Structures are given as C-alpha cells and as structure tokens.
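Notes follow the structure.
The values are calculated or read from the model by the stated rules, or taken from the named source; none is laboratory data. Worth saying up front: this structure is predicted, and the values here are computed from it rather than measured. Cβ: placed from backbone, ideal geometry, glycine included. Neighbour counts: every protein chain shown.
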Amino acid sequence: MNPAQKFKKADKYTRYSIYIIILFSLIVLSLASIYHVSGDGCWHIQSSKFIAENHKFPLFEPLGRDEPFWSPPLYHITVAVVYSIFNYISHNAANFAIKFVSPIFGILTLIFSFLVIKKLTNPKIAFYSVIFLAFTPLFIDYSVLSYVENAMMFFVILSIYFLINGRIALSGISVGLSVLAKYNGSFIVPLLLFILYKKYGNKRVFLKNSLTLIALLLLVASPWLIRNWILLGNPVWPFINFIFHGFESKSYSQANFQNLIRPDLYVSTYLGIFGVPDGNYTVFSFANIPHFNILITLWLLGTVIFIIPFVVGILKFNKNKDKSKNYDIKNILLIWILPYLVLFIIYAANVGILISRIIIPIFPALAIFWAFGFNYLNNKSFGKLFSIFLVFVIIGLVSSEYIKTVIASDSWNKYNPDFEWVKSNTDADAVFIAHSQCVPYNIERTSIYFGKDNIKNVNYIWVNQNFNLDKRSIFDAKTLRFIQSQNYDIQYSNKDTETVIYRVK
C-alpha cells in the first residue's frame, strides 16, 4: 500500500492531524527564514560554530558568556554538522541553514506527540491535542528559536513513544539523548518508570526493565556528565554547585523562595506561554504599532478564549467518556506534569521569574487536558460558535508571531551597518571587548568581558549604551568613564545606532 492509499484509509481525525502538522511546518519554517538569532541562541550558535571549526568542544573560550561551556551538547553537535555541510556552499548558506535545526525538531516533536497521544487516548483527542500544540505561541517560539529546548523535548516525547510501543532499549537511549540536549530531560524518568510498572505488573520484570532503561540512559548521558565533573568539578554544572563545590562562576547556588509568591512569576509564565519573549512584559515598550492598546486588549481576550478548553478539560476530566481504557491516563498526566512543576519551582527559586520555557516538556500532557475540554465544549449547543471564535483567536495568535518576529528582525537589522563594518574592516582574529552574547555572534569576532588586565589583550572595544536588544552589553558608569579616559582612537561611530568602536592597539 503506497502512502497515498494509507492516507485515504486513515481515519478522518488522523487525516485532519496531518493537515495541521503540515500547516504548522509551513508556519515555523517561514518564521525561521525571517528570524534573527538572539538571546541565548547567540551563545548556542557560537558554541556550535566553534565545534564545527575546531572539531572539539569549547571550555573556557570566550563565546559570549563570562563562563565556561557546560551545556549538554546534542543540539550544538547537530547545528555544527549542518553548519559544516552548508559551509561548503557558502558562509551565508551555512548561517541560514542552521536556523532550521529547531524547526525540524519542532515538527518531529509535533508528529510524535500526535502518535503518543493517539496511542494513549484516541484519534479525535489526538487531533484536538495537535491543534493546541501547533498553535500555542510558546511551542511555536521554541520551534523557531535557536535554543536547545525542542531538541530536548523531541527526545523526551520519543522516549515515551518507544516505551508505550514496548521498545524499552530505544526508550532508554532516547531519554539519554534528551539529557544530552538539556538536563531537564531527566525529569521524564518518573513517567517512564510508571508506564513500565503499568505495562509489566510482575515485580521482577518491572525491575529488570527499569534497570535496562536507567542503564541505557546513563550510558548515553554519562560521558558529558563525567566530562563536566572532571573539568568543572560538578557533573551538572552550574546547577546545585553548592553541593559539589565545583568551578566558581555564575552558578545557581542561591535559593530565593520568595520568588514563588511573587505574582509576576505567574503573570510572566502566562505571557510566555502566549508568545511574550521569556514572559517579560517590558518588551511591550519596543512595540511601535498603531492602536497598540486596543490590539493588546484583543490579544489578551484571545488568550483567555484559547485557554478556556484547558480549564474545562481539568474540571470535566473525570466525567469524560473518551479517556483510554488501556492506559491509566489520569495518573500518566499527573506523573508527567508534577516533576516538571517541581523543576519549575527550583528554577523560580534559583534562576528567576522569567522561566516559562521550563514547562515545555509537559505541553503534550497539557494538550490532552485541552483536547478533552474542547471535545466537551464541541458537543454543546454553542460548540460551533466557540469553534469559530477559536479559529479567529488562532489566526490572531499566529499573526502576532509573525508581527513579533518581523519587529525583532527589523530591530536587529538596524545594526547591520555596524556589524558589517567590523567584518569588513577588522582582522578575523581581532579581539573585542563586548559584554554580550549577541554582539560577538553578529560581528563574528572573539569578544571578552571588560577587565583592566583584559585591555592588554584586545584590539577594539564595542560601546553602545542604548543597545537594549542585549542589555548586558551596556557598560556601567565606572567602566565607561575608564574607557573614555584612555583617549583611544575612535575607529567607527554611527549616530543612528549610537555605536562607537574604539581602537586599543
């Protein structure tokens, strides 16, 4: 039977899901084509390029952060491979191609989420779940941004897929790969063990299969954990560094549990789910759109409409008749969600409040609740009217993703003359002082942080006190006075962008 025949034979909800997956693919691929790498993506991409060009992992090399390279490297290796292949065509082709690594992971995550949910429930609930995933802005965002999240999420969902299909070894390898993408992948292990327990009630068989899964996880992930333990004194550096007393730098060793009672933690998480970068509402100050106040009010109303099925799904879950008879779906969802809520609390206490992306691995579970709620509403007399409203909301949310991406890209493009001057007028091995992840990424030059000893080892200093796209690049008043007092030659200045580049030697 050829693919076309299989498609025709598939149930209608499976066919509908394929249509949504295709639409999602077109959305994220088109967004990636106009997206400008920013934020942590600059560090990830720079590290990936280092791997591609030097055929080794970085450690203390200056790549945009004043800290060693510690991140699990699966995403970086993938980007490095893509970069190396397309670099044979041209440098620009390579820079363009690597932006599509995250979309590919995002598309694969959506496909396997559908397969998992279909197996756990039924094709109709799986179809509704795909709608939730495909059009939730946070899932779209991390299927576009050059971050590690969707690589990790793909292998998390793949580990569940293999396990519910009886492929224990492949599940263990997959969860190991998720940890090699980001440590957070390990928090899916309680769910995998629970599924094993439900599938193999015999205690001896359960223990044997559990040990197999854990052993394969460690076999895959341990080389990187051992590397960090040897080189940085902590296998999961910089986390819980107060236990291991590893390399001292910017580590999350302090706990501020007052963050958990701050209302803006939950406001920022809500905003992050609906596409506000990191849930940081201050980014609204960048928006220069006519009738912005009206549009933001309509957008907030749209988010409320979009979330209604999720609330209904939780309230009506126990009464829903479409739950699977083959799986303990309620406990599966709880054990899927709870470990990541614990992780969310840990991050909130140790890192800060702008952490909406931490909960991405539970989105397929949240999608199931949303699907049950939408199914309940769809069976009511007002179901068709609600569906029409929801279609308009989805169009608005997706449109906001395009508007946001275009605004961000245009904001970065404003500085292209500065970036191009550096690439055209300085040596490839020139060293800059620039407190930023993204300035060195864009100028493609080695950049280190300011220090009076570092001044002796640099050629140029990048100064822009209004570079709000990466605020860490802004010097404090004392540092700026010191730089200006040295009477360095100004090699470049741009009144439009307020960028000044000093020549040190």
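Side notes on the structure shown:
- Residue list for region 158-191, restricted to those being buried (at least 24 other Cβ atoms within 10 Å of the Cβ), over 18 Å from the mean Cα position of the chain (by Cα), under 17 Å from Leu219 (Cα atoms) and not hydroxyl-bearing (Ser, Thr, Tyr): Gly172, Gly176
- Taken over region 51-72, residues that are touching a Leu at 6+ places or on another chain (Cβ under 7 Å) and not aromatic (Phe, Trp, Tyr) amount to 3.
- Residues in region 453-465 that are more than 10 Å from Val504 (Cβ to Cβ), assigned to a loop (DSSP other than H, G, I, E, B) and modelled with pLDDT of 90 or more: Asn464, Gln465.
- Among the residues making up region 466-475, those that are closer than 18 Å to Asn413 by Cα and not acidic (Asp, Glu) are Asn466, Phe467, Asn468, Leu469, Lys471, Ser473.
- Positions within region 47-68 being more than 21 Å from the chain's Cα centre (by Cα) and at positive phi, in sequence order: His55
- Among the candidates Tyr161, Tyr147, the residue that is in contact (Cβ under 8 Å) with a residue 12 or more places away in the chain, out of contact with any strand residue (DSSP E or B) (no Cβ under 9 Å at 6 or more places or on another chain) and closer than 18 Å to Leu366 by Cα is uniquely Tyr161.
- For region 438-454, filtering for residues that are out of contact with any helix residue (DSSP H, G or I) (no Cβ under 8 Å at 6 or more places or on another chain) and either under 19 Å from Cys42 (Cα atoms) or buried (at least 17 other Cβ atoms within 10 Å of the Cβ) (or both) leaves 1.
- Some residue of region 416-437 being closer than 27 Å to Ala181 by Cβ and crowded, with 19+ Cβ neighbours inside 10 Å: yes
- Count of residues meeting criterion [hydroxyl-bearing (Ser, Thr, Tyr) and outside any helix (DSSP H, G or I)] in region 81-113: 2
- Test for Ile358: is it within 18 Å of the chain's Cα centre (by Cα), at pLDDT below 95 and part of a helix (DSSP H, G or I): yes
- Looking across region 6-61, the residues that are assigned to a helix (DSSP H, G or I) and hydroxyl-bearing (Ser, Thr, Tyr) come down to Tyr13, Thr14, Tyr16, Ser17, Tyr19, Ser25, Ser30, Ser33, Ser47, Ser48.
- Hey, Ile34 modelled with pLDDT of 95 or more, under 14 Å from the mean Cα position of the chain (by Cα) and of a type outside the set (S, T, N, Q) or not: no
- Region 466-505 - residue that is polar (S, T, N, Q) and part of a helix (DSSP H, G or I) and, of those, farthest from Lys452 (Cα to Cα): Asn468
- Residue list for region 94-133, restricted to those being within 20 Å of Ser171 (Cα to Cα), touching a residue at least 60 places away in the same chain (Cβ under 8 Å), surrounded by fewer than 24 Cβ atoms within 10 Å (Cβ to Cβ) and of a type in the set (Phe, Trp, Tyr): none
Conditions (1) part of a loop (DSSP other than H, G, I, E, B); (2) at pLDDT 95 or above; (3) under 23 Å from Ser25 (Cβ atoms); (4) not basic (Lys, Arg), marked per residue:
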site: Ala371; (1), (2), (3), (4): no, yes, yes, yes
site: Leu377; (1), (2), (3), (4): no, no, no, yes
site: Leu385; (1), (2), (3), (4): no, no, no, yes
site: Ile388; (1), (2), (3), (4): no, no, no, yes
site: Ile394; (1), (2), (3), (4): no, yes, yes, yes
site: Ser399; (1), (2), (3), (4): no, no, yes, yes
site: Ser409; (1), (2), (3), (4): no, no, yes, yes
site: Trp412; (1), (2), (3), (4): no, no, no, yes
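- Considering residues of region 456-475 that are surrounded by 11 or more Cβ atoms within 10 Å (Cβ to Cβ) and over 30 Å from the mean Cα position of the chain (by Cα) only, the residue farthest from Asp429 (Cα to Cα): Ile461
- For region 224-245, a residue qualifies if it is farther than 17 Å from Ser178 by Cα and among the β-branched types (Val, Ile, Thr), and the qualifying residues are Ile230, Ile240, Ile243.
- Cβ pairs under 8 Å, 6+ apart, first in region 336-355 and outside any helix (DSSP H, G or I), second surrounded by fewer than 15 Cβ atoms within 10 Å (Cβ to Cβ): Ile353/Arg262; Ile353/Asp264
Let's see how each residue does on (1) farther than 30 Å from Ala408 by Cα; (2) touching a His at 6+ places or on another chain (Cβ under 8 Å); (3) outside any helix (DSSP H, G or I); (4) not β-branched (Val, Ile, Thr):
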{"residue": "Val205", "(1), (2), (3), (4)": "yes, no, no, no"}
{"residue": "Ala215", "(1), (2), (3), (4)": "yes, no, no, yes"}
{"residue": "Leu218", "(1), (2), (3), (4)": "yes, no, no, yes"}
{"residue": "Leu265", "(1), (2), (3), (4)": "no, no, no, yes"}
